[in-house]
Amino acid sequence: MAQAGFIPAHPPRRDRVGPFWSAFVGEHARNAVTGWSNAAFEDWYTKRKLLRLTVHIPRHPDAIERVLLTNAANYAKPRIVKRLIAPLIGNGLLSADGESWRQQRRIVAPSFAPGAVAKLTGLMAQAAREGTAKWPQSGTVDIAETATDATMAIIARALFSGDPRLMTEDAGRHITAALEAAGSARLAAILGMPGLRLTPTAWAGARGQRFLRETLTDIVRERGPEGGDDFLGGMIRDLHERFPRSEALKLAIDNAATFYLAGHETTANALTWSIYCLAGDQQAQDRACSEVRAAIDGDPQTLPDRLPFLRQILDEALRLYPPAPRFDREALSDDMLDGHPVRAGEIVSIWPWVLHRHRKLWDDADRFDPDRFAPDRERERHRFQYIPFGGGPRTCVGARFATVEALVILAHWIAARRFALPPGREVELSAAVTLRPRGGLWVEVAPRD
Ligand code: HEM
């Protein structure tokens, strides 16, 4: 297969490492994927001091493996991050540690096992078709908007029986505001003033958080301890069996918020970046379309298994644009990472954004090339150089759900239209929490012959 030849957008890189204060002002303070130096994509380790915080950024896959897997017990979710996200997702699965985390993970894991996810493919296909029904035959569409509508409908239907309060445009706006505010909230937390709201974005974010918390509190309370007959209901019942009543109620709300947020925004971004890459590489798009046409009319539950090349495209889009571009840990006791001492209380920051484009780990790292993920090339990779879903015991519980959902939706979209990039339109990246295109992502659609 010839080289795809498409180098999708990424922010410019500096020749030198930026000064320490660049973490606090300007675009870099708000947007995690800007301001990186070329050296970051070639070296293995950085240690920085941000006021009271010492932050380690390892990039060698062995060091990542140590943090996430072999010495995972020594690395907890950082207290500073927990304080930041507590108003939104409390002590739910994403932020809990220790025994509480173990119990919660045991409760929800069966709902995300392959058999349970396969049963949702019909619902996923329906949401995909609702999206294409709104597109013109030919014209320009914001793929990010369609993707968000689809994944929001799926999470609301699959986990919350389609509660209409979670599917409104208002709910969508509030989630976006809550996530976009995270950049300035992080800054305030580093400054030691977590409640400080520095910008209008921060105030909109606080309103978004309040809306989500209040709506989900109403939904959980209305269900009562019996819960009801869906994912939320099962979780409420299991939590009541394992935790005291008031803690169970709070954890039910925390996890409703966790799954509602973590469960759709990330996958929407994965879809958006996949279509962007395909729109830039017509050859890969044609190959994917042939595969989809041969596969789409069979059993919907096994459709994702019949789409190996589309899976390679998704994997490659998740490499170039990891929807979670960073996540952090706090060392509980002293450790060594890649020959560097890490003290208890210091932060270790894991950066899929940098790891996935590291020049010593990937050939032609910025190029879109789905053939990197051909099955016979898996042996060329270290298990911890590609971590869009994290790794080790805290690996994304929704990884299978997200992968199946993305493949089903992409298949329906590719079958329905051809995608191309509109000339002259720049794509800008924004990463407060998730990696999304700023101001949406516009592509041209045309009928498939
Ligand atoms: C493409 C889509 C997705 C990506 C890229 C993604 C990425 C991640 C990553 C990197 C982590 C690990 C964070 C860490 O170690 O600190 C994580 C954890 C998690 N994800 Fe996802 N995620 C996706 C979709 C989903 C979906 C669909 C759900 C639920 C429906 C979900 C729910 C969660 C939860 C609850 C955790 C915490 C797990 C734990 O700590 O035990 N995610 N995700």
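Some values worked out for this structure:
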{"quantity": "Value of relative contact order over the range 308-446, rounded to a whole percent, pairs C-alpha under 8 Å and six or more apart", "calculated": "26"}
{"quantity": "Residue among GLN137, ILE236, ALA204 farthest towards the positive dipole end of the chain, charges placed on Cβ", "calculated": "ALA204"}
{"quantity": "Convex hull volume per residue for the range 285-370, taking Cα atoms only, in Å³", "calculated": "129"}
{"quantity": "Label-point separation in nm, ASP170 to GLN301, each point 7 Å along Cα→Cβ", "calculated": "3.9"}
{"quantity": "The chain - percent relative contact order, Cα under 8 Å, separation 6 or more", "calculated": "28"}
{"quantity": "Charged-residue dipole, Cβ positions (Lys, Arg, Asp, Glu), the chain about Cα centre, Debye nearest 20", "calculated": "1180"}
{"quantity": "ALA133 versus ARG79: modelled label distance in nm, points set 7 Å from Cα along the beta carbon direction", "calculated": "5.2"}
{"quantity": "Alpha-carbon centroid distance for the pair the range 299-340 / the range 93-122, whole angstrom", "calculated": "18"}
{"quantity": "Aspartates and glutamates with Cα under 14 Å of LYS49, excluding same-chain neighbours fewer than 8 positions away", "calculated": "GLU346"}
{"quantity": "Largest-first principal axis extents, alpha carbons of the range 20-447, Å", "calculated": "56, 54, 43"}
{"quantity": "Sequence-distant lysines (8 or more away, or on other chains) whose Cα lies within less than 20 Å of LYS360", "calculated": "LYS47"}
{"quantity": "Among SER274, ALA248, ALA284 - extreme Cα towards positive end, dipole of the range 208-297, charges at beta-carbon", "calculated": "ALA248"}
{"quantity": "Binned Cα-Cα distances of the range 194-263, short to long, each 10 Å bin given as a whole percent", "calculated": "20, 44, 23, 12, 1"}
{"quantity": "Top positive-direction residue, dipole computed over the chain with Cβ charges, set LEU407, THR54, PRO447", "calculated": "THR54"}
{"quantity": "Test item: Cα-centred dipole of the range 122-170, Lys/Arg +1 and Asp/Glu -1 on Cβ, debye", "calculated": "220"}
{"quantity": "Accessible area expressed per residue, the chain, with surrounding protein chains retained (probe 1.4 Å, Å²)", "calculated": "43"}
{"quantity": "Carbon + sulfur, % of accessible area of the chain - ligands and nucleic acids excluded, 1.4 Å", "calculated": "53"}
{"quantity": "18 Å Cα-Cα reach of LYS82 towards lysines, excluding residues that sit fewer than 8 places from it in its own chain", "calculated": "LYS250"}
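The values are calculated or read from the model by the stated rules, or taken from the named source; none is laboratory data. Worth saying up front: this structure is predicted, and the values here are computed from it rather than measured. FYI the Cβ positions are ideal-geometry reconstructions off the backbone, even for glycines, and counts take in every protein chain you see. Keep in mind that these areas ignore ligands, DNA and RNA; they rest on the heavy atoms of the full protein, side chains included. Shrake-Rupley method; radii C 1.70, N 1.55, O 1.52, S 1.80 Å.
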